[in-house]
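Asks: One structure, pasted below without further comment.
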Amino acid sequence: MRSTTTTVKATAGYRVFTWFNIVALTVVGALTLYPFLNLAARAFSSEAAIRGGEVFAWPVGFNTTTLQSVVSQEMFWINYRNTVVYTVLATAIAMVLTTTFAYVLSKKHLKGRTFLVGLALFTMFFTGGLIPNYVLISALGFKNTIWAIVLPQAISVFNLLVMKSFFENFPTELEEAAAIDGLSTYGIFLRIVLPLSKAVIATMILFYAVAFWNSWFQAFLYMDNPSMYPVTVFLRNIIAGATGTGEGLSDIAVQVGANVKAVTTLLTVLPIVCLYPFIQKYFVSGVMLGSVKG
(Lines give C-alpha, C1' and ligand atoms only; values in the text may rest on other atoms or scores of the structure.)
Protein backbone atom coordinates (compact mmCIF):
# COMPACT_ATOMS: atom_id res chain seq x y z
CA MET A 1 0.00 0.00 0.00
CA ARG A 2 1.47 3.32 -1.03
CA SER A 3 1.68 5.93 1.69
CA THR A 4 0.97 9.52 0.89
CA THR A 5 2.47 12.49 2.61
CA THR A 6 1.24 16.03 2.61
CA THR A 7 3.82 18.75 2.15
CA VAL A 8 2.90 22.14 3.48
CA LYS A 9 4.68 24.97 1.71
CA ALA A 10 5.99 27.55 4.14
CA THR A 11 4.64 31.00 3.44
CA ALA A 12 6.80 34.12 3.47
CA GLY A 13 5.18 35.20 6.74
CA TYR A 14 5.96 31.86 8.36
CA ARG A 15 9.61 32.07 7.29
CA VAL A 16 9.89 35.59 8.70
CA PHE A 17 8.30 34.43 11.94
CA THR A 18 10.74 31.49 12.15
CA TRP A 19 13.80 33.66 11.61
CA PHE A 20 12.51 36.21 14.09
CA ASN A 21 12.18 33.45 16.70
CA ILE A 22 15.68 32.19 15.98
CA VAL A 23 17.20 35.66 16.32
CA ALA A 24 15.17 36.56 19.42
CA LEU A 25 15.96 33.30 21.23
CA THR A 26 19.64 33.58 20.28
CA VAL A 27 19.77 37.07 21.79
CA VAL A 28 17.96 35.94 24.94
CA GLY A 29 20.28 32.94 25.24
CA ALA A 30 23.37 35.12 24.83
CA LEU A 31 22.13 37.61 27.44
CA THR A 32 21.42 34.74 29.82
CA LEU A 33 24.79 33.11 29.27
CA TYR A 34 26.88 36.27 29.41
CA PRO A 35 26.82 36.78 33.23
CA PHE A 36 28.16 33.25 33.76
CA LEU A 37 30.87 33.77 31.13
CA ASN A 38 31.82 37.07 32.74
CA LEU A 39 31.97 35.37 36.13
CA ALA A 40 34.25 32.63 34.81
CA ALA A 41 36.41 35.21 33.03
CA ARG A 42 36.85 37.28 36.19
CA ALA A 43 37.73 34.15 38.16
CA PHE A 44 40.78 33.58 35.95
CA SER A 45 41.83 37.19 35.24
CA SER A 46 44.54 39.30 36.78
CA GLU A 47 43.83 41.90 39.41
CA ALA A 48 44.94 44.77 37.16
CA ALA A 49 42.61 43.70 34.35
CA ILE A 50 39.65 43.35 36.72
CA ARG A 51 40.14 46.75 38.32
CA GLY A 52 40.74 48.30 34.90
CA GLY A 53 37.39 47.02 33.60
CA GLU A 54 39.01 45.00 30.81
CA VAL A 55 37.30 41.67 31.57
CA PHE A 56 34.13 40.79 29.69
CA ALA A 57 33.55 37.27 28.34
CA TRP A 58 37.09 35.85 28.42
CA PRO A 59 40.01 36.01 30.89
CA VAL A 60 42.54 38.84 30.60
CA GLY A 61 45.95 38.22 32.11
CA PHE A 62 45.19 34.58 32.91
CA ASN A 63 45.70 33.99 36.63
CA THR A 64 44.85 31.08 38.95
CA THR A 65 46.27 32.51 42.19
CA THR A 66 42.90 32.90 43.90
CA LEU A 67 41.66 29.49 42.79
CA GLN A 68 44.84 27.82 44.10
CA SER A 69 44.59 29.80 47.34
CA VAL A 70 41.03 28.56 47.94
CA VAL A 71 41.37 24.91 46.94
CA SER A 72 44.71 24.47 48.72
CA GLN A 73 43.02 24.88 52.10
CA GLU A 74 42.12 21.61 53.81
CA MET A 75 39.02 23.13 55.38
CA PHE A 76 37.66 23.86 51.90
CA TRP A 77 37.55 20.14 51.05
CA ILE A 78 36.16 19.23 54.48
CA ASN A 79 33.33 21.71 54.04
CA TYR A 80 32.81 20.61 50.44
CA ARG A 81 32.36 17.05 51.66
CA ASN A 82 29.91 18.34 54.27
CA THR A 83 27.90 20.07 51.56
CA VAL A 84 27.66 16.88 49.51
CA VAL A 85 26.54 14.89 52.57
CA TYR A 86 24.02 17.55 53.64
CA THR A 87 22.60 17.90 50.13
CA VAL A 88 22.23 14.16 49.49
CA LEU A 89 20.70 13.39 52.89
CA ALA A 90 18.44 16.44 52.96
CA THR A 91 17.22 15.82 49.41
CA ALA A 92 16.50 12.16 50.17
CA ILE A 93 14.51 13.06 53.30
CA ALA A 94 12.67 15.85 51.49
CA MET A 95 11.73 13.59 48.57
CA VAL A 96 10.40 10.84 50.85
CA LEU A 97 8.27 13.27 52.85
CA THR A 98 7.11 15.30 49.85
CA THR A 99 6.13 12.35 47.64
CA THR A 100 4.26 10.50 50.39
CA PHE A 101 2.46 13.61 51.65
CA ALA A 102 1.57 14.73 48.12
CA TYR A 103 0.24 11.28 47.22
CA VAL A 104 -1.98 11.26 50.29
CA LEU A 105 -3.28 14.77 49.58
CA SER A 106 -4.10 13.81 45.99
CA LYS A 107 -6.79 11.39 47.17
CA LYS A 108 -10.09 13.28 47.17
CA HIS A 109 -11.79 10.70 49.38
CA LEU A 110 -9.30 11.35 52.20
CA LYS A 111 -11.03 12.65 55.31
CA GLY A 112 -9.57 15.95 56.47
CA ARG A 113 -7.90 16.54 53.10
CA THR A 114 -9.00 20.18 52.94
CA PHE A 115 -7.64 20.84 56.42
CA LEU A 116 -4.27 19.27 55.58
CA VAL A 117 -3.96 21.27 52.36
CA GLY A 118 -4.88 24.46 54.23
CA LEU A 119 -2.33 23.65 56.93
CA ALA A 120 0.38 23.25 54.32
CA LEU A 121 -0.61 26.52 52.63
CA PHE A 122 -0.62 28.33 55.96
CA THR A 123 3.03 27.42 56.56
CA MET A 124 3.83 28.72 53.07
CA PHE A 125 2.81 32.27 54.00
CA PHE A 126 3.36 32.41 57.76
CA THR A 127 6.34 31.30 59.85
CA GLY A 128 7.23 31.47 63.51
CA GLY A 129 10.09 33.89 62.92
CA LEU A 130 13.82 33.68 63.40
CA ILE A 131 13.97 33.73 67.19
CA PRO A 132 11.26 31.07 67.81
CA ASN A 133 12.94 28.84 65.21
CA TYR A 134 16.30 29.27 66.91
CA VAL A 135 14.77 28.46 70.30
CA LEU A 136 13.05 25.38 68.86
CA ILE A 137 16.20 24.05 67.18
CA SER A 138 18.19 24.60 70.38
CA ALA A 139 15.52 22.93 72.53
CA LEU A 140 15.48 19.89 70.25
CA GLY A 141 19.26 19.56 70.61
CA PHE A 142 19.87 20.06 66.89
CA LYS A 143 22.49 22.80 67.22
CA ASN A 144 25.88 21.82 65.78
CA THR A 145 24.34 18.72 64.17
CA ILE A 146 23.40 17.83 60.62
CA TRP A 147 19.71 17.76 61.59
CA ALA A 148 19.65 21.54 62.00
CA ILE A 149 20.14 21.76 58.24
CA VAL A 150 18.28 18.79 56.78
CA LEU A 151 15.07 18.75 58.84
CA PRO A 152 13.69 22.33 59.14
CA GLN A 153 13.47 22.70 55.33
CA ALA A 154 12.42 19.11 54.66
CA ILE A 155 9.18 19.99 52.83
CA SER A 156 8.78 22.82 50.35
CA VAL A 157 5.08 23.64 50.05
CA PHE A 158 5.53 24.74 46.43
CA ASN A 159 7.08 21.38 45.51
CA LEU A 160 4.39 19.63 47.53
CA LEU A 161 1.60 21.32 45.57
CA VAL A 162 3.25 20.56 42.22
CA MET A 163 3.54 16.85 43.09
CA LYS A 164 0.01 16.81 44.48
CA SER A 165 -1.32 18.18 41.19
CA PHE A 166 0.66 15.56 39.28
CA PHE A 167 -0.69 12.69 41.37
CA GLU A 168 -4.25 14.01 40.99
CA ASN A 169 -3.88 13.63 37.21
CA PHE A 170 -2.50 10.10 37.53
CA PRO A 171 -4.78 7.53 35.79
CA THR A 172 -6.93 5.93 38.48
CA GLU A 173 -7.50 2.90 36.25
CA LEU A 174 -3.88 1.81 36.76
CA GLU A 175 -4.24 1.93 40.53
CA GLU A 176 -7.56 0.12 40.43
CA ALA A 177 -6.12 -2.61 38.20
CA ALA A 178 -3.16 -3.02 40.54
CA ALA A 179 -5.52 -3.23 43.53
CA ILE A 180 -7.52 -5.96 41.77
CA ASP A 181 -4.25 -7.85 41.22
CA GLY A 182 -3.70 -7.83 44.97
CA LEU A 183 -1.31 -4.94 45.52
CA SER A 184 -1.68 -2.99 48.75
CA THR A 185 -1.69 0.80 48.90
CA TYR A 186 2.04 0.82 49.59
CA GLY A 187 2.64 -1.62 46.74
CA ILE A 188 0.66 0.52 44.31
CA PHE A 189 2.59 3.61 45.35
CA LEU A 190 6.04 1.98 45.19
CA ARG A 191 5.59 -0.32 42.18
CA ILE A 192 3.12 1.57 39.99
CA VAL A 193 2.97 5.27 40.82
CA LEU A 194 6.63 6.11 41.49
CA PRO A 195 8.10 4.36 38.41
CA LEU A 196 5.67 6.32 36.22
CA SER A 197 6.51 9.61 37.92
CA LYS A 198 10.17 9.88 36.97
CA ALA A 199 9.79 13.27 35.28
CA VAL A 200 8.25 15.10 38.21
CA ILE A 201 10.49 13.29 40.71
CA ALA A 202 13.63 14.30 38.78
CA THR A 203 12.39 17.89 38.70
CA MET A 204 11.74 17.93 42.42
CA ILE A 205 15.17 16.41 43.12
CA LEU A 206 16.73 19.24 41.14
CA PHE A 207 14.72 21.88 43.02
CA TYR A 208 15.61 20.45 46.42
CA ALA A 209 19.26 19.75 45.57
CA VAL A 210 19.84 23.30 44.34
CA ALA A 211 18.14 24.78 47.41
CA PHE A 212 20.13 22.67 49.88
CA TRP A 213 23.41 23.08 47.98
CA ASN A 214 23.14 26.88 48.01
CA SER A 215 21.84 27.11 51.59
CA TRP A 216 24.19 28.75 54.05
CA PHE A 217 22.14 30.73 56.57
CA GLN A 218 20.92 27.67 58.51
CA ALA A 219 24.49 26.49 59.07
CA PHE A 220 25.69 30.02 59.80
CA LEU A 221 22.97 30.36 62.43
CA TYR A 222 23.00 26.95 64.11
CA MET A 223 26.62 25.77 63.84
CA ASP A 224 29.65 26.96 65.78
CA ASN A 225 32.16 24.33 64.67
CA PRO A 226 33.91 25.30 61.38
CA SER A 227 34.48 21.63 60.54
CA MET A 228 30.68 21.23 60.35
CA TYR A 229 30.14 24.13 57.96
CA PRO A 230 28.97 23.58 54.38
CA VAL A 231 31.22 25.00 51.70
CA THR A 232 28.92 27.99 51.19
CA VAL A 233 29.68 29.25 54.71
CA PHE A 234 33.40 28.65 54.16
CA LEU A 235 33.32 30.67 50.95
CA ARG A 236 31.20 33.36 52.57
CA ASN A 237 33.83 33.74 55.30
CA ILE A 238 36.56 34.03 52.67
CA ILE A 239 34.66 36.81 50.92
CA ALA A 240 34.03 38.58 54.23
CA GLY A 241 37.75 38.39 55.07
CA ALA A 242 39.03 39.47 51.66
CA THR A 243 38.79 43.22 52.21
CA GLY A 244 41.18 46.08 51.78
CA THR A 245 42.29 48.49 49.09
CA GLY A 246 45.59 46.78 48.44
CA GLU A 247 47.80 49.16 50.41
CA GLY A 248 50.24 47.28 52.59
CA LEU A 249 49.07 43.90 51.27
CA SER A 250 51.09 41.31 49.38
CA ASP A 251 50.54 40.77 45.66
CA ILE A 252 48.78 37.46 46.39
CA ALA A 253 46.42 39.11 48.89
CA VAL A 254 45.60 41.85 46.39
CA GLN A 255 44.88 39.28 43.66
CA VAL A 256 42.70 37.22 46.00
CA GLY A 257 40.74 40.30 47.06
CA ALA A 258 40.11 41.25 43.43
CA ASN A 259 38.40 38.09 42.19
CA VAL A 260 37.63 35.99 45.24
CA LYS A 261 33.89 36.57 44.78
CA ALA A 262 34.02 35.26 41.21
CA VAL A 263 36.10 32.23 42.17
CA THR A 264 33.94 31.27 45.14
CA THR A 265 30.71 31.74 43.17
CA LEU A 266 32.09 29.63 40.34
CA LEU A 267 33.12 26.84 42.73
CA THR A 268 29.66 26.89 44.29
CA VAL A 269 27.56 26.75 41.13
CA LEU A 270 29.79 24.46 39.06
CA PRO A 271 28.49 21.13 40.47
CA ILE A 272 24.87 22.11 39.87
CA VAL A 273 25.69 23.32 36.36
CA CYS A 274 27.33 19.96 35.65
CA LEU A 275 24.35 18.06 37.12
CA TYR A 276 21.62 19.92 35.25
CA PRO A 277 22.26 18.54 31.70
CA PHE A 278 21.70 14.97 32.92
CA ILE A 279 18.17 15.70 34.16
CA GLN A 280 17.27 18.57 31.82
CA LYS A 281 15.13 16.26 29.67
CA TYR A 282 12.86 15.64 32.67
CA PHE A 283 12.77 19.26 33.79
CA VAL A 284 10.20 20.91 31.49
CA SER A 285 7.91 17.88 31.26
CA GLY A 286 8.06 17.39 35.03
CA VAL A 287 7.01 20.94 35.80
CA MET A 288 4.29 20.94 33.15
CA LEU A 289 2.87 17.59 34.24
CA GLY A 290 2.70 18.80 37.81
CA SER A 291 1.27 22.22 37.09
CA VAL A 292 -1.29 21.73 34.30
CA LYS A 293 -4.53 20.06 35.24
CA GLY A 294 -6.83 18.39 32.81
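The values are calculated or read from the model by the stated rules, or taken from the named source; none is laboratory data. Just so it is clear, the structure is predicted and the values come from calculations on it, not from any experiment. Every residue, glycine among them, receives a Cβ derived from its backbone with ideal geometry; neighbour counts consider all protein chains shown.
Asks: For the range 105-162, enumerate the residues that are in contact (Cβ under 8 Å) with a residue 12 or more places away in the chain, farther than 23 Å from residue 95 by Cβ and of a type in the set (Phe, Trp, Tyr).
Replies: Scanning the range 105-162 gives a single hit, 134.
Asks: Do we find a residue being in a helix (DSSP H, G or I), farther than 19 Å from residue 197 by Cβ and in contact with a Phe, Trp or Tyr (Cβ under 7 Å, 6 or more places away or on another chain) anywhere in the range 128-137?
Replies: So the first thing to find is which residues in the range 128-137 are in a helix (DSSP H, G or I), and the list is 130-137.
Next, only the ones that are farther than 19 Å from residue 197 by Cβ stay: 130-137.
Applying the additional criterion that residues be in contact with a Phe, Trp or Tyr (Cβ under 7 Å, 6 or more places away or on another chain) yields 137.
Yes, the range 128-137 has at least one match.
Asks: Identify the residue in the range 138-179 that is assigned to a helix (DSSP H, G or I) and polar (S, T, N, Q) and, among all such residues, is surrounded by the fewest Cβ atoms within 10 Å (Cβ to Cβ).
Replies: 172
Asks: For the subset of the range 60-70 comprising residues that are surrounded by 14 or more Cβ atoms within 10 Å (Cβ to Cβ) and part of a helix (DSSP H, G or I), which member is farthest from the chain's Cα centre (by Cα)?
Replies: 65
Asks: Let me spell it out: the conditions are (1) among the aliphatic types (A, V, I, L, M); (2) under 25 Å from the mean Cα position of the chain (by Cα); (3) surrounded by 12 or more Cβ atoms within 10 Å (Cβ to Cβ), and residue 25 meets all of them except one. Which number is the exception?
Replies: The single condition residue 25 does not satisfy is (3).
Asks: Residues 182, 187: which one is part of a helix (DSSP H, G or I) and farther than 30 Å from residue 70 by Cβ?
Replies: Sole residue among the options that is part of a helix (DSSP H, G or I) and farther than 30 Å from residue 70 by Cβ: 187.
Asks: Take residue 84 and tell me if it is in contact with a helix residue (DSSP H, G or I) (Cβ under 9 Å, 6 or more places away or on another chain), in the same structural domain as residue 238 (by TED's automatic domain parsing), modelled with pLDDT under 90 and not in a loop (DSSP other than H, G, I, E, B). Full working, then the answer.
Replies: Working: in contact with a helix residue (DSSP H, G or I) (Cβ under 9 Å, 6 or more places away or on another chain): yes; in the same structural domain as residue 238 (by TED's automatic domain parsing): yes; modelled with pLDDT under 90: no; not in a loop (DSSP other than H, G, I, E, B): yes.
Answer is no for this residue.
Asks: Within the range 49-59, count every residue that is over 21 Å from residue 268 (Cα atoms) and surrounded by fewer than 18 Cβ atoms within 10 Å (Cβ to Cβ).
Replies: Number satisfying all stated conditions: 4.
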